[in-house]
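The values are calculated or read from the model by the stated rules, or taken from the named source; none is laboratory data. Remember, predicted model here, so these are calculated numbers, not experimental data. Every residue, glycine as well, gets a Cβ built from its backbone with ideal geometry; the counts of neighbours run over all protein chains shown.
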Amino acid sequence: MTHFTPRKRFVVALLAGAVATGGVQAEAFKKIAPPHLKEFEKALRLKPDIDNGRRLFRRICSTCHGPEGWGVPASGYPEIAGQLKDVIIKQLADFRAGNRDNPIMNAFVTPRVLTGPQDIADVAAYVSQLPMSPRNERGFALRIEEGKKLYQKLCADCHGDRGEGDPKRHAPRIQGQHYSYLMRQFNWIRNGYRRNANKKMQEQIQNITSSEQVAIMSYLSNLKPDHPVAPEGWHNPDITGYDRSWRPAKLR
Ligand code: HEC
Ligand code: HEC
């Protein structure tokens with residue numbers, strides 16, 4: 001028979017308490033961060049609050065994706081302005097569910113930062129209506145015609161006639177995206193590093209040569225998007241006091 005001294009009793013009580021509150025916390029976490037599919041589906045159905053979306057964008061996303069959401073190609077930050085709302089929702093939910101790896105981005109989309117489906121819906125709605133960059137990074141102009149033909153044959157059925165994307169398939173808008181980002185994501189999808197990749201796309205692109213890839217991405221990055229494009233020198237009026245000095249000169 002063990003005798004509990006007051007000190008031991010205190011420790012036991014402390015441990016029991018920790019287990020109990022741990023349980024409560026786990027429950028609370030499930031409520032804010034339901035399994036990925038549910039969160040994704042909820043966010044798609046919610047009515048977005050653009051003002052909250054603007055606040056979240058300003059506080060979190062603009063740090064990396066820039067005040068206009070145009071990204072910084074040399075640093076691997078994609079343009080997110082003008083991306084289809086449903087695609088942004090899906091990508092954010094995928095990052096949160098660990099289906100897409102990015103050590104830089106992951107920390108900023110945890111349930112602490114984006115508290116749930118409503119925040120996701122709000123920020124996605126805000127970002128998707130931003131005008132796109134007039135100066136995205138482009139590939140080789142001489143390869144556009146060849147790229148266009150390959151694109152029509154191998155990609156248009158899902159990404160649309162001109163890379164405008166398809167919300168029903170969650171196929172991203174890829175027209176007017178930065179060339180190096182397109183190249184990298186394509187490689188990652190092809191070699192399975194991007195785990196949320198569309199399996200059918202993965203199969204369909206296995207035999208594309210790297211020269212053909214350069215042509216396709218040159219075509220896409222040189223396309224003028226169907227979404228509104230901002231005039232040269234446009235600055236997002238929603239973001240004031242942003243320090244642009246660290247950004248490459250042509251992106252300030
Ligand atoms: C710390 C930097 C950082 C922050 C903050 C950040 N992102 Fe990102 N984001 C990235 C990087 C880097 C990538 C590219 C990931 C990759 O290469 O797989 C990315 C990718 C994305 C993508 C996928 C784009 C595509 O076409 O594949 C979306 C959508 C996105 N971010 C939205 C957001 C939103 C919305 C926020 C704010 C809530 C945000 N990001 C905050 C760095 C960041
Ligand atoms: C069967 C449909 C399908 C086909 C065919 C297809 N894609 Fe995709 N693609 C998708 C879907 C769906 C996604 C988004 C997957 C995800 O959530 O990661 C995607 C993602 C991408 C991305 C990442 C974009 C981003 O912003 O994250 C690139 C680049 C891309 N596709 C290029 C291509 C090119 C180039 C071709 C043709 C050679 C092609 N795809 C063919 C469905 C397809």
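Of the residues screened, ARG59 is not one that is surrounded by fewer than 23 Cβ atoms within 10 Å (Cβ to Cβ) and touching a residue at least 12 places away in the same chain (Cβ under 8 Å). The residues in the stretch 200-221 that are free of Cβ contacts under 8 Å to residues at least 60 places away in the same chain, within 8 Å of ligand 2 (Cβ to nearest atom) and surrounded by 13 or more Cβ atoms within 10 Å (Cβ to Cβ) can be counted, and the count is 5.
Only one of the listed residues (TYR219, TYR179) is of a type outside the set (A, V, I, L, M), within 14 Å of ligand 1 (Cβ to nearest atom) and in contact with a Gly (Cβ under 7 Å, 6 or more places away or on another chain). That residue is TYR179. Would you call PRO248 surrounded by fewer than 15 Cβ atoms within 10 Å (Cβ to Cβ), at pLDDT 95 or above and either among the aliphatic types (A, V, I, L, M) or within 25 Å of MET105 (Cα to Cα) (or both)? For PRO248, the condition - surrounded by fewer than 15 Cβ atoms within 10 Å (Cβ to Cβ), at pLDDT 95 or above and either among the aliphatic types (A, V, I, L, M) or within 25 Å of MET105 (Cα to Cα) (or both) - is not met.
Can you report the number of residues in the stretch 155-213 which are within 23 Å of SER128 (Cβ to Cβ), aliphatic (A, V, I, L, M) and modelled with pLDDT under 95? Here the count works out to 3. Among the numbered criteria (1) without any contact (Cβ under 8 Å) to a residue 24 or more places away in the chain; (2) more than 13 Å from ligand 2 (Cβ to nearest atom), which single criterion is violated by LYS224? The single condition LYS224 does not satisfy is (1).
Taking every residue in the stretch 182-193 that is under 14 Å from ASN99 (Cβ atoms) and pairing it with any residue that is aliphatic (A, V, I, L, M) and not in a helix (DSSP H, G or I), at least 6 positions away or on another chain, the pairs with Cβ-Cβ distances below 8 Å are TRP188/ALA197; ILE189/ALA197; ILE189/ILE205. Regarding ALA197, is this residue within 7 Å of ligand 2 (Cβ to nearest atom) and either surrounded by 23 or more Cβ atoms within 10 Å (Cβ to Cβ) or not assigned by TED's automatic domain parsing to the domain that holds GLY69 (or both)? It is true that ALA197 is within 7 Å of ligand 2 (Cβ to nearest atom) and either surrounded by 23 or more Cβ atoms within 10 Å (Cβ to Cβ) or not assigned by TED's automatic domain parsing to the domain that holds GLY69 (or both). Filtering the stretch 34-56 to residues that are of a type in the set (D, E, K, R) and either buried (at least 17 other Cβ atoms within 10 Å of the Cβ) or part of a loop (DSSP other than H, G, I, E, B) (or both) leaves GLU39, LYS42, LYS47, ASP49, ARG54. Provide a single number: the residues in the stretch 156-174 that are of a type outside the set (Gly, Ala, Ser), over 16 Å from the mean Cα position of the chain (by Cα) and crowded, with 23+ Cβ neighbours inside 10 Å. Residues in the stretch 156-174 being of a type outside the set (Gly, Ala, Ser), over 16 Å from the mean Cα position of the chain (by Cα) and crowded, with 23+ Cβ neighbours inside 10 Å: 0 in total. Of the helices (runs of 4 or more DSSP H) that lie entirely inside the stretch 77-165, those containing 3 or more residues that are aliphatic (A, V, I, L, M) and within 15 Å of ligand 2 (Cβ to nearest atom) span 85-96, 117-128, 144-154.
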